[in-house]
Amino acid sequence: MVPIRNVYYMLCYAWEYLEGRSLIDTAPLLGDRVEDLLASVLVGGVARLLRRGLSREYVERAEELRSPRGRIDVSLTVKRKLEHRGLVSCVTDDLSHDVLHNRLLKGTVERLADAGVDPRLRAGLLALAKRMTGVSSTRPSVAAFRRVVLHRNTAHYRFLLRVCELATRQFFVEPGTGATRFHDFRADERRMGLLFQRFIRNFLRHEQGVFQVGAERIPWDCGHTGADAEWLPVMNTDISLWSAAQKVVIETEFYEQPIQLGAWQGRAKIRSDHLYQVFAYLKNLEAKGGVGRDVVGVLLYAAAGLHLDLRYRLGGHQVVVRTLDLDQPWEAIRASLLGLIDFLGQPDMQLLAPA
């Protein structure tokens, strides 16, 4: 599994929270557990939030009062016959800390404290929850995070809420026993694949200046625009790089076993479906014309203990297959990615002699 120290950097880039890279030190964390990483982020982040002050928003409250205050709800007053008791139904807007984003923070802090985290982190989480006076305790749900609306004055909550949502997604109820278990998302290849893709794209967007970075939808070179064309699958690149004279398409892949064994003699081979995907990008971009005619394809694998630096000319296009070892120290990961950009940014783009 990817070490938690590198998972944290990947999350910071994937969520475009680059200032977060220096906010916590993962070195003191004992073991290599995701729950301890998330707890450490919340201990530091919520403490800073409390020093700054929890945000407050106007919350509508309905009360039955003897002295009218706020807006009088005439229909409810009549319906409940409150006037016979000398009361009126009033609706007031009061500034309160008890708003959804604060409740989700507190609820996640409390739940993570009971997830078997390091005792020091547990004590820190419980102390923070105790300091969040005026905020109701709640059991966070993934759907609740979708209802949060942040604005300019609460934008600093975004990273912490993403950490909270990630933590919430890791809690599973055991069938039969009903016990809650924390799941390490690093074991989920699909989720790690999405994280790897976003990490690479945003790292390249922020850390190099040779290429513009984005993603694109590539049209099929099929000559049809009618109903038949609607059945064709969509081709979206993971990452596309542009410069004045060059174009590069990067396909990112995250698999525990990034290679396959060939049917003949069991020799290790590049996964055929991944190579076909890159080749489809290149040939359809070639048909599109322009700078796409000379596009370079890169197949980038997240891998540990496997070093690949392969170069081919396929169908007239340069194709590069590389691995990125996510087990190595962060500075080595950074150097590897910037080295790839230096390699791709060669002015003449003659990575290989023509076949």
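The values are calculated or read from the model by the stated rules, or taken from the named source; none is laboratory data. Computed from a predicted structure; not experimentally measured. Reconstructed Cβ throughout: ideal geometry from the backbone, glycine too, with neighbour counts over all protein chains shown.
Scanning the range 57-86 for residues that are assigned to a helix (DSSP H, G or I) and surrounded by 14 or more Cβ atoms within 10 Å (Cβ to Cβ) gives Leu76, Thr77, Leu82.
So, in the range 130-154, how many residues would count as being more than 25 Å from the chain's Cα centre (by Cα) and either more than 17 Å from Arg56 (Cα to Cα) or not assigned by TED's automatic domain parsing to the domain that holds Gly45 (or both)? Total meeting the criteria: 1. Here the range 1-30 is the region considered, the condition is being in contact (Cβ under 8 Å) with a residue 60 or more places away in the chain and of a type in the set (Gly, Ala, Ser), and the residue that is nearest to Ala187 (Cα to Cα) is Ala14.
Considering the range 94-124, the residues that are in a loop (DSSP other than H, G, I, E, B) and either out of contact with any helix residue (DSSP H, G or I) (no Cβ under 6 Å at 6 or more places or on another chain) or hydrophobic (A, V, I, L, M, F, W, C) (or both) include one that is surrounded by the most Cβ atoms within 10 Å (Cβ to Cβ), namely Val117. One residue alone among Pro140, Pro175 is in a loop (DSSP other than H, G, I, E, B), surrounded by 13 or more Cβ atoms within 10 Å (Cβ to Cβ) and either touching a residue at least 12 places away in the same chain (Cβ under 8 Å) or out of contact with any Phe, Trp or Tyr (no Cβ under 8 Å at 6 or more places or on another chain) (or both), and that residue is Pro140.
Is it true that Arg267 is at pLDDT 85 or above and assigned by TED's automatic domain parsing to the domain that holds Asp327? Here the answer is no, as Arg267 does not meet what is asked. For the range 34-56, the candidate set comprises residues that are basic (Lys, Arg) and out of contact with any strand residue (DSSP E or B) (no Cβ under 9 Å at 6 or more places or on another chain); within that set, the residue that is surrounded by the fewest Cβ atoms within 10 Å (Cβ to Cβ) is Arg51.
Of the residues making up the range 104-117, none is within 46 Å of the chain's Cα centre (by Cα), at pLDDT below 95 and outside the structural domain of Thr138 (by TED's automatic domain parsing). Thr138 - would you say it is in contact with a Pro (Cβ under 9 Å, 6 or more places away or on another chain) and under 30 Å from Asp184 (Cβ atoms)? The answer is no for Thr138. Among residues of the range 283-312 that are closer than 13 Å to Ile218 by Cα and assigned by TED's automatic domain parsing to the domain that holds Ile259, those with a beta-carbon under 8 Å from a residue that is at pLDDT below 80 and crowded, with 17+ Cβ neighbours inside 10 Å at least six positions away or on a different chain give the pairs Leu285/Gly292; Glu286/Gly292.
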